[in-house]
1. Looking at (1) in a helix (DSSP H, G or I); (2) open to solvent by 80 Å² or more (accessible area, probe 1.4 Å), find the lone condition where H79 falls short.
2. What are the residue pairs meeting all of these: first residue in the stretch 101-118, first residue at negative phi, second residue among the hydroxyl-bearing types (S, T, Y) and not in a loop (DSSP other than H, G, I, E, B), Cβ atoms under 9 Å, and 6 or more apart or on different chains?
3. Being at pLDDT 90 or above, part of a loop (DSSP other than H, G, I, E, B) and within 25 Å of F58 (Cβ to Cβ) is the filter here; which residues of the stretch 104-123 pass it?
4. Of all residues in the stretch 5-33 being part of a helix (DSSP H, G or I) and modelled with pLDDT of 90 or more, which is most open to solvent (accessible area, probe 1.4 Å)?
5. Can you tell which of H94, H79, H98 is over 23 Å from S50 (Cβ atoms) and not basic (K, R)?
Amino acid sequence: DLRRLADENGAALLLVLIPAREQVYGSGRAGEFLANHERLRTFLQQEKISFVDLLVPFKQAASRSSGRGGQEGSLYWRHDSHAGPLGDRLAGLHVARHLIAEGFIDVPDRQDRLLRIDVAIAGCREK
């Protein structure tokens, strides 16, 4: 049980939901992935486990561009289901935003930091 382990060690638990390529681009088994995604979201909400859901941010980044995947400016690698450099950057920005906004970490320039993160997120688009 991750929550028990985190509690026993005085750690905060935060899960990051990284969508499959099919969820973002609506291809292949998108419906199956989306159903599983919603079940997981519901479970996490019911259990009051903090999470960052990257489905909407990844879809937004994909819709701001016409990227084809596999390049440095792509959310996913072309021949691999893992997030590529842009996907990793976008995930990192959203996790950082959540950690600061929800008080997981305290930063002295909180509002400025959140604004800079929001600007960086807005600039994430596939090439």
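The values are calculated or read from the model by the stated rules, or taken from the named source; none is laboratory data. These figures come from a predicted structure and were not determined experimentally. Every residue, glycine as well, gets a Cβ built from its backbone with ideal geometry; the counts of neighbours run over all protein chains shown. Note: accessible area is taken over every heavy atom of the protein model, side chains too, but ligands, DNA and RNA are not part of it. Shrake-Rupley method; radii C 1.70, N 1.55, O 1.52, S 1.80 Å.
1. Going through (1) in a helix (DSSP H, G or I); (2) open to solvent by 80 Å² or more (accessible area, probe 1.4 Å) one by one, H79 breaks only (1).
2. E102/S50; F104/S50
3. Within the stretch 104-123, F104, I105 qualify.
4. Initial filter on the stretch 5-33 (part of a helix (DSSP H, G or I)): 5-8, 21-25, 30-33.
Cutting the leftovers down to modelled with pLDDT of 90 or more gives us 5-8.
Details: L5: 92, A6: 13, D7: 104, E8: 121 Å².
Restricting to residues being part of a helix (DSSP H, G or I) and modelled with pLDDT of 90 or more, the top hit is E8.
5. On the way: H94 fails: over 23 Å from S50 (Cβ atoms); H98 fails: over 23 Å from S50 (Cβ atoms).
Being over 23 Å from S50 (Cβ atoms) and not basic (K, R) holds for just one of H94, H79, H98, which is H79.
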